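Here the structure comes first, spelled out in structure tokens, and everything after it is commentary.
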Amino acid sequence: MTAYIDAQALAASRRLIGEATNIMVLTGAGVSAESGVPTFRDAMTGLWSRFNPEELAQEDAYRRQPALVWEWYLHRRELVAATDPNPAHIALVALAAQKAVTLATQNVDGLHQRAGSRDVIELHGNLFANKWLDGCGRCDPAAAVPGMPPRCSLCNAMMRPGVVWFGEELPRVARYRAEHAAEQCDLCIVVGTSGLVYPAAGLPGAAKDHGAHVIVVNPEPSALDQTADIVLRGPAGVVLPLLWDGVSAASA
Ligand code: BV8
């Protein structure tokens, strides 16, 4: 994908990044788009196209149709496992090697970690983690009864994906760390999110309220554009390698 990125906006962004002493990065599904991971909203292709992700990613959907929802997560795990980090993920690793960066992601794909990012704040959990729904406290994944989904051999509780569903609280420590980073940073770079899902989408506004500059990177308009000091209208895999040295697109 070629993109014409406004040269003035790029230069101004590079200047802000050069001057920043404490950067917060918030990413959404768009940062993984160039890896081939469909964004949350267009994740529903093929046989999943007749479902709304926001309806499937909820506890009551799981209680109603556990096999269907479990199969959706297995499908997504397969999809993500077959992808690799892209230049956007790799550029963020390079930035953290040069600057103090706190990376918070809404993504559950684990691609930041596979690219080499450390201490990633996973606001919405991780696609490859499992936990229990109404477990007895002694449920042992190793002794689970296989099935769709697997069940606890002791209490018959259902295994569930270790993600945050709609209507569920974010992991307390992750949320606190991300909110603290937003309040402390002097620059917030928002990459590849529609800015529709809260409370994550409130983080750039919190950074702004505490005096930070905000840069948005997205090929499409987003709900966070009006919070931004600068909007870089292009794909993350093209834009991010242009924003700081130490990453040539070729190396990524
Ligand atoms: C909660 C895991 C309450 C599951 C996900 C106000 C305050 C608090 C809550 C709410 C609120 N208003 C509404 C709510 C409820 C709800 C919510 O926000 N609903 C929305 C739809 C209105 N929030 C919640 O339910 C949250 N929980 O608040 O609980 C509570 C409080 C106390 C006690 C109990 C309960 C939980 C939200 C987490 C839901 N889980 N994921 C799973 O994956 O299965 S969210 C899921 O959707 C993703 O993780 C992701 O975060 C989100 C989709 O957002 P994006 O990442 O932005 O992806 P999207 O597809 O939308 O956009 C992609 C963008 O990329 C686009 O802009 C596109 O242009 C861009 N792009 C494309 N290509 C590229 C690109 N960008 C750059 N480069 C490219 N190449």
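A compact globular protein would have a Cα radius of gyration near 2.2 N^0.38 Å; the ratio found for the range 134-178 is 1.42.
Note on the range 41-173: antiparallel DSSP beta bridges, both residues inside, total approximately 70 percent of the bridges counted. The relative contact order of the range 80-223 comes to 17 percent, based on Cα pairs under 8 Å that sit 6 or more residues apart. Taking amide H atoms as placed 1.01 Å from N in the peptide plane, the amide H of LYS131 lies under 5 Å from those of ARG160, GLY162, each 5 or more residues away in sequence or on another chain. Beta bridges assigned by DSSP with both partners in the chain are antiparallel in approximately 25 percent of cases.
Rounded to the nearest 20 debye, the dipole magnitude of the chain is 480 debye, with +1 charges on Lys and Arg beta carbons, -1 on Asp and Glu beta carbons, and the Cα centre as origin.
Tell me the relative contact order for the range 177-252 as a rounded percent, counting alpha carbon contacts under 8 Å between residues six or more apart. Result for the range 177-252 is 26 percent.
Springs between alpha-carbon pairs under 10 angstrom, Gaussian network model over the chain: which of SER153, SER222, SER194 fluctuates most? Checking each option, the largest mean-square fluctuation is seen for SER153. Applying 1/(1 + (r/R0)^6) with r as the Cβ-Cβ distance of GLU71 and TYR176 and R0 = 45 angstrom yields a FRET efficiency of 0.85.
Kindly point out which whole DSSP H helices in the chain project their C-alpha atoms 15 angstrom or further along the helix axis while averaging a Kyte-Doolittle hydropathy of 0.0 or above. List each step's numbers first, then the result.
On the way: long enough: 7-19 (18 Å, 0.16); 66-81 (22 Å, -0.03); 87-98 (17 Å, 1.42); 172-184 (18 Å, -1.32).
Sorted by number, the helices that extend far enough and score high enough are 7-19, 87-98.
Between the DSSP loop rule and a limit of at most 14 other Cβ atoms within 10 Å, which trypsin sites (Lys or Arg not before Pro) in the range 46-94 are left?
Of the trypsin sites (Lys or Arg not before Pro), the ones in loops of the range 46-94 whose Cβ has at most 14 other Cβ atoms within 10 Å are ARG50.
For the range 115-198, the calculated P(r), taken from all Cα-Cα distances in 5 Å bins from zero up to the bin holding the longest distance, is 3, 12, 17, 19, 16, 12, 9, 7, 4, 1, 0 percent. Taking every alpha-carbon pair in the range 127-252 and binning the separations at 5 Å intervals from zero gives 2, 10, 14, 13, 13, 12, 10, 8, 9, 7, 1 percent. Sequence-distant contacts, meaning Cα pairs under 8 Å at least 6 residues apart, place the relative contact order of the chain at 26 percent.
Here, each number is a calculation from the coordinates, and none is a lab measurement. Because the structure is predicted, anything quoted here is derived from the model rather than measured. Neighbour counts run over all protein chains shown; Cβ positions are idealised from the backbone, glycine included.
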